Structures are given as C-alpha cells and as structure tokens.
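Right, one structure below, let's go through it.
Please treat every number below as a calculation from the coordinates, not as lab data. Predicted model only: the values in this text are computed from it and were never measured. So basically every Cβ, Gly included, is an ideal-geometry build from the backbone, and we count neighbours across all protein chains shown.
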Amino acid sequence: MRIGIHGRLYPPSASATINGIMGRMAAAGITPVVEHALAQRMGAAGLPPDPSIEVMARPEEARLDMLVSLGGDGSFLDSVDFLGACPVPLMGINLGRLGFLSSNRIEDLDAALKAILQGRYAVLDRAVLAMDGCPSCGKHNNALNEVSLHKRDGAAMISIHAWLDGRFLNTYWADGLIVSTPTGSTAYSLSCGGPLLAPDCDAMVITPIAPHNLNVRPFVVPGASTITLQVDARGEKYLLNLDARSRVLDHFPPLQVRRAAHTLKVVQLEGQDFLDTLRNKLNWGLDVRSAGPDGR
C-alpha cells in the first residue's frame, strides 16, 4: 500500500515526528511517499527524510492509495488544495491542537495503520466549493470549508449584492459574507452564528459577517445552487478567502460560487462518528448535569 505524506511542517522540530511516522509506516509494510515541498522543508530544518523514501511532486503521478495530512486543520485544508480533483482518499493525523478535520491522534497512529491495512475504514464523500470569476486564483479555486469575502483591516463595511440561481437575493451590508459547505458549517460560519449541518447534507450556507442590518440571518440553500456575489466597497480593495488561502482584490468582478464537480474523499476509521466529533471537539450539547444514555 502506498500512502502519501503532506503537511506544513510547523514548527520545524516536527521533522523528527514526521520521520518517525514514515518509519512506523515502513515497519507496518506501507510505502510512504513524501510530498517534495515538505521534504525540502524538512531538509532545511536539518532532518531530511531518509534517502530511501520516495518523493512526489503531484498526487496524480504517485500512484497513491491514500494521502495522510500531518498537522492541524490548516494542514488538512492545504492537503485538500494539494489534491485538487485527484480522487485519492485523505486522512488527517493531528499534530496540532483542536484537530476537528484532522481528528486522528498521533498516539493512535499504529492502531490506525493496522486498521487501514485490514480495510477497517470507510471513504466518505465531502462536498467541495468551486469559485469562478477570479483569474488570479488559477486552479486553486476550490474550497472544502468556505468561500468568503471580507473587508480589509480598518476599512469601512462593504456591501455585497447576492443572487441565487440568477434571482436577486439580498444586498449584505456587513464586514463580509461566507458561503460554506456542510463540512465548513462547523468552522468560520459557525463562529458567525451559522447553523450546524451534517456533512452529508445537500446544502450550502450563506452567513453574513457582522451585518449592519440585524434582521439578516444565515440562509441555508440547496447544494445545487449557483450563488453570484458582486462586491461594492468604499475602499479600493477587499479580501477573497478560499479556506485558509487569501487574496487581496482591487477589482470588483462578479464571483460565482457553486458545488464543484468533484468531491473530497475522506477516510473515516472504524468506530469514528461525526456526532462523537461534535461532542468531543466542540463540546456540543455539553451539560454538566447529565450524560448521554450510554454514560458518555
């Protein structure tokens, strides 16, 4: 089995941990294949991968059975961008703090590798957003969590005209606007008052950021919708964010957000569950007065 290794390498001292992970993979009978930029960063930190480890530039060319993202949720989103439309399943191993997307603990690595080799896992489809209208984004125009527009620091609020499938929806006077997937409903959208969606819902959420009109609330729309956004800013620039990637735009083209033609394939190990992750990572529904019927 060939498993790719991808990650940010922050802090640089994580090089030793990553080398240890690749060694444990090899000991389990797995062929690790490290992404070339990560290998370069490890070398710059003074702990390069073993010369016997394969290096890849693109996942499509590496004949991978799976890609492992090492780090936190930011690293996981970087790995999503690295994969693009490549249908290789992705699993996150948390080297950071919260690890909502990258939910597998490094302490459980050996058990996870054993489960993978024995086929005790599922591959789930997660919706991905595609954004059109920004030529400078190139092929990096997809997002797993959200596409958002935001005023620049210190600037006045912006107005964002929104259309849903060609029909005028609303003008949002706000600090910005978020269009999120069900996966992204637990991220930035949630912090701005958006609803939680189960990851297999066929929907998107439009969530304003600090709206000027208090009667404007988050809006759940069908997953097959096309959302067109036109920014009107008093300043000359605003921010376009696709997950953790930001661009400063100094022009105001109409931007179209829709569900991408491809999905992200996410590895879910046996015994894992989205509802458990909600409770354990976000303390969702936590009440010190009682536990669930099973004692959890």
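Laid out as a table, the results:
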quantity	calculated
Selected from Leu286, Leu229, Leu197 as most flexible by GNM, with the chain as the system and alpha-carbon contacts under 10 Å	Leu286
Packing-based order for 109-117, 209-217, using average beta carbon neighbours within 10 Å, highest first	109-117, 209-217
Mean-position separation - Cα centroids, segment 87-127 and segment 129-186, in angstrom	30
Residue order, fewest to most surrounding Cβ atoms within 10 angstrom, among Lys151, Lys139, Lys265	Lys139, Lys265, Lys151
Share antiparallel - DSSP beta bridges, the chain, percent rounded to 5	75
Cα Rg, Dmax, segment 117-173, angstrom units	17.5, 56
For segment 128-262: Kirkwood Rh in Å [reciprocal of mean 1/r, alpha carbons]	14.5
Assigned charges on the beta-carbon of Lys, Arg, Asp, Glu; the chain dipole about Cα centre (debye)	280
Value of Rg to Rh for segment 99-196 (Rh from inverse mean 1/r over Cα pairs, i.e. Kirkwood)	1.10
Burial ordering of Tyr172, Tyr121, Tyr238, fewest other beta-carbon atoms within 10 Å first	Tyr121, Tyr238, Tyr172
Debye, to nearest 20: dipole size of segment 2-119, +1 on Lys, Arg Cβ, -1 on Asp, Glu Cβ	140
Order of His161, His251 under a 10 Å beta carbon neighbour criterion, fewest first	His251, His161
Whole-angstrom Cα spans of the chain along principal axes, big to small	58, 50, 34
Within a Gaussian network of the chain (alpha carbon springs, distance under 10 Å), most fluctuating of Pro51, Pro87, Pro195	Pro51
Rounded, prolate or oblate (a/c below 1.5 giving rounded, otherwise prolate when a/b exceeds b/c) for segment 2-119 by Cα gyration tensor	rounded
Extension gain, Glu107 back to Phe168 (0.36 nm per residue minus Cα-Cα distance, nm)	16.9 nm
Among Leu90, Pro12, Ala28 - extreme Cα towards positive end, dipole of segment 9-120, charges at beta-carbon	Ala28
Hits among lysines - C-alpha to C-alpha of Lys265 under 28 Å, sequence gap 8 or more where chains match	Lys114, Lys139, Lys281
